[in-house]
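Student: Below: one structure in structure tokens.
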Amino acid sequence: MTESHDRAAESAGIDYIEVEESPPFQRLKRAQRAFVFPLAIAFLLWYFAYVLLSSFAADFMATRVSGDITVGLLLGLGQFVSTFAITMAYVAYANRRLDPQSRAIREDLEQREAGAR
Amino acid sequence: MNEVFGAIHAAVQTVENDPVLNISIFAAFVAVTLFIVIRASRNNKTAADYYAAGRSFTGPQNGFAIAGDYLSAASFLGICGAIAINGYDGFLYSIGFLVAWLVALLLVAELMRNTGRFTMADVLSFRLKERPVRMAAAITTLAVCFFYLLAQMAGAGGLVSLLLGIGDQIGQSIVVAVVGVLMIVYVLIGGMKGTTWVQIVKAFLLIGGAVVMTVWVLAINGFSLNTLLEGAVAASPKGDAVLGPGLQYGKNPWDFISLALALVLGTAGLPHVLMRFYTVPTAKEARRSVVWAIWLIGLFYLLTLVLGYGAGALVGPETIAAAPGGVNSAAPLLALYLGGPVLLGFISAVAFATILAVVAGLTITAAASFAHDIYASVVKKGNVPPDGEVKVARRTVIVIGVLAILGGIGVQGQNVAFLVALAFAVAASANLPTILFSLFWRKFTTRGAVWSMYGGLGAAIVLIVLSPVFWGTPTSVFKDVGVAIWPLNNPGIISIPLGFFLGWLGSVTSRRAEDRKKAAEMEVRSLTGFGAEKAVDH
């Protein structure tokens, strides 16, 4: 549980401020934020562009592309495609780039904790 | 064509006058899930077992449970009906519910899993002054759960009139009570483990049923989306208009924009969704659960697009609008058209199962928040015997269940569709700003958190009370009385920016600096998973 864990961490002399300022952690933090922030902003902009077009450019969205398939329908389906694509991109990035870094830091901390016990 | 409609109408009458089939399929669902719940409930001693299912579910299992928790009757029946009658605008509405999951995936799920134990408040109060922040987070949690729960219980009553042909007040009240009692039993016996299994089974049935019906509809239309759309256009009195925007939200686009903001930013702040992240052993499994949830929810909304236009083309918007239950009857009527009374019975049972699974998830979230945050941490200041907290949680389940039954009976005949949108608006205005600030902004303070949560909650509720939802229109709570001061039905466009602004303002005006060590600890733990709660070993 958390309480016993905290005591163990304290007695191990884990200084979270020092860990937080350490280069490996700073690298991990930058790698995480540099990926998720731009992606989050991009998908929000793309979604609201779609919502605003549907709200204020109804005629454009009702334009037929082929048969009864309209621009709006295709852009809407595009939201599904982009959502799935971003999901897969994030998982690939997290597995390849973030997980190894966070595992290394975590294992190091766990060893220090175990050593002090 | 008239003959077909006549036949459907007659069939609806007979099936609804003879609801034995619907009830027996639903009873079978209850029997199977109850069996699973009882089997799953053998290790339900500790708080980690009761609130977080021993953190023993896998990512895919939890992904199904999230989909089961999230795809409420409103999304299934409501969105199918909206597309059947208003076409494109119903589809537009559904997209917000899916895209929103990217906020949860990218910004919230893993970091929450790494820093919390049972509730949203665990994370929010991690590095701030515990009691005021925990209290505020518990209140917004209870508010969201209450609004959502009331909407679902009212929906249960409405669904009965549609599916079982029980139109009178007493009959509907009995069904609401039955749903409530079943929910109490599930949550009391099964805890989070049982609730999760109910949600998994329901997600299977719901998505499976939707897949079958979609393939069926597409087969009738030669597997051509274009032929399907042509059929929908031909059957609709509005013709071409169903292919483009405007039929549902055209009158005031700002209302939809306000709603879209709440949908996209609210999902990652829904407490019952956040709590699901604690039922898996690691952050990586939390990530996998969201990925599974995104695929399942995305698939489901693609299916509803076909089902909605299919109901429009095959059953017809006018028949749907005239049926008991109105818009909500699109999917059941389509099932009846395709597979006769048996498929209708199956879809009806799935709709009930949907309500049951969602209310169970909401109830355990609310009970956990009351017992863990308010009772154990704020009132008792952490001095509770090991089993005391769960005992309180179980009692809270009964209280919430009774309140939900009374509320569900009380609001019958009222137009409560706004409650779901309000729940999302509160989650986006009161919860999400504090979640993001506390995870990503070092200078965030206790005052910022408290201002943001109470301010966002208050603004969302005050704006709804001043809106056309309450005043001045034929569908208002006070019919045709007074004038709405706030012109939109959705408060999000004001209350969400306000929630973020108050979080910032409260933080920059704080005189007291927050604990630097705790902030560093939270950052390290959230990103590395060091010291995160482990799965319970049985």
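Student: Looking only at region B:406-440, how many residues end up being under 17 Å from B:Asp122 (Cα atoms) and either in contact with a Ser or Thr (Cβ under 8 Å, 6 or more places away or on another chain) or among the hydrophobic types (A, V, I, L, M, F, W, C) (or both)?
Tutor: Residues flagged as under 17 Å from B:Asp122 (Cα atoms) and either in contact with a Ser or Thr (Cβ under 8 Å, 6 or more places away or on another chain) or among the hydrophobic types (A, V, I, L, M, F, W, C) (or both) within region B:406-440 amount to 11.
Student: Let me ask something else. Check every one of the helices (runs of 4 or more DSSP H) wholly within region A:14-92 and list those with 3 or more residues that are surrounded by fewer than 20 Cβ atoms within 10 Å (Cβ to Cβ) and facing chain B (nearest Cβ under 8 Å).
Tutor: Qualifying helices (runs of 4 or more DSSP H): A:23-56.
Student: Taking the stated definitions as given, is B:Ala67 at the interface with chain A (Cβ under 10 Å from one of its Cβ atoms), closer than 30 Å to B:Ala47 by Cβ and crowded, with 24+ Cβ neighbours inside 10 Å?
Tutor: The answer is no for B:Ala67.
Student: Among the residues of region B:356-390, which ones are at pLDDT 90 or above and of a type in the set (D, E, K, R)?
Tutor: Scanning region B:356-390 gives a single hit, B:Asp373.
Student: Here's a check for you: in region B:501-519, which residue that is aliphatic (A, V, I, L, M) and under 28 Å from A:Asp15 (Cα atoms) is surrounded by the most Cβ atoms within 10 Å (Cβ to Cβ)?
Tutor: Once the filter is applied, the top-ranked residue is B:Ala519.
Student: Let me ask something else. Since B:Gly339 meets every condition but one in (1) closer than 16 Å to B:Thr214 by Cβ; (2) within 14 Å of chain A (Cβ to nearest Cβ); (3) surrounded by fewer than 22 Cβ atoms within 10 Å (Cβ to Cβ), which condition does it not meet?
Tutor: (2)
Student: Restricting the search to region A:59-73, which residues are touching a residue at least 12 places away in the same chain (Cβ under 8 Å) and among the aliphatic types (A, V, I, L, M)?
Tutor: If the condition is that a residue be touching a residue at least 12 places away in the same chain (Cβ under 8 Å) and among the aliphatic types (A, V, I, L, M), then A:Met61 is the only one that fits.
Student: Pick out the one residue from B:Tyr309, B:Tyr301 that is part of a helix (DSSP H, G or I) and either closer than 21 Å to B:Ala417 by Cβ or under 18 Å from the mean Cα position of the chain (by Cα) (or both).
Tutor: The match here is B:Tyr301.
Student: Looking at region B:491-512, I want the residues that are aromatic (Phe, Trp, Tyr) and have a partner that is assigned to a helix (DSSP H, G or I) with Cβ atoms under 6 Å, at least 6 apart or on another chain. Which pairs are those?
Tutor: Taking only residues 6 or more apart or on different chains, the pairs are B:Phe500/B:Pro433.
Student: Does B:Ile398 satisfy the criteria of being in a helix (DSSP H, G or I), on the phi < 0 side of the Ramachandran plot and surrounded by 18 or more Cβ atoms within 10 Å (Cβ to Cβ)?
Tutor: Against the criterion (in a helix (DSSP H, G or I), on the phi < 0 side of the Ramachandran plot and surrounded by 18 or more Cβ atoms within 10 Å (Cβ to Cβ)), B:Ile398 does not qualify.
Student: Here's a check for you: in region A:95-111, which residue that is touching a residue at least 24 places away in the same chain (Cβ under 8 Å) and at the interface with chain B (Cβ under 10 Å from one of its Cβ atoms) is farthest from B:Leu243 (Cα to Cα)?
Tutor: A:Leu109
Student: Oh, and also: Among helices (runs of 4 or more DSSP H) lying entirely in region B:188-276, which contain 1 or more residues that are farther than 29 Å from B:Phe346 by Cβ, touching a Cys at 6+ places or on another chain (Cβ under 7 Å) and at pLDDT 95 or above?
Tutor: In region B:188-276, B:271-276 are the helices (runs of 4 or more DSSP H) which contain 1 or more residues that are farther than 29 Å from B:Phe346 by Cβ, touching a Cys at 6+ places or on another chain (Cβ under 7 Å) and at pLDDT 95 or above.
Student: Only residues that are within 10 Å of another protein chain (Cβ to nearest Cβ) and among the small types (Gly, Ala, Ser): list them for region B:508-525, please.
Tutor: If the condition is that a residue be within 10 Å of another protein chain (Cβ to nearest Cβ) and among the small types (Gly, Ala, Ser), then B:Ala519, B:Ala520 are the ones that fit.
Student: On to the next question. Hey, any hits in region B:270-283 for a residue that's touching a residue at least 12 places away in the same chain (Cβ under 8 Å), at the interface with chain A (Cβ under 10 Å from one of its Cβ atoms), aliphatic (A, V, I, L, M) and crowded, with 22+ Cβ neighbours inside 10 Å?
Tutor: Yes, region B:270-283 contains a residue that is touching a residue at least 12 places away in the same chain (Cβ under 8 Å), at the interface with chain A (Cβ under 10 Å from one of its Cβ atoms), aliphatic (A, V, I, L, M) and crowded, with 22+ Cβ neighbours inside 10 Å.
Student: Suppose we filter B:Ala513, B:Ala459 for residues that are closer than 30 Å to A:Pro23 by Cα and either within 29 Å of the chain's Cα centre (by Cα) or not aromatic (Phe, Trp, Tyr) (or both); which single one remains?
Tutor: Of the residues listed, the single one that is closer than 30 Å to A:Pro23 by Cα and either within 29 Å of the chain's Cα centre (by Cα) or not aromatic (Phe, Trp, Tyr) (or both) is B:Ala513.
Student: Working carefully through the options B:Ser289, B:Ser369, find the one that is away from chain A (no Cβ under 14 Å), in a helix (DSSP H, G or I) and crowded, with 24+ Cβ neighbours inside 10 Å.
Tutor: The unique qualifying residue is B:Ser369.
The values are calculated or read from the model by the stated rules, or taken from the named source; none is laboratory data. Source: prediction; values computed, not measured. Neighbour counts run over all protein chains shown; Cβ positions are idealised from the backbone, glycine included.
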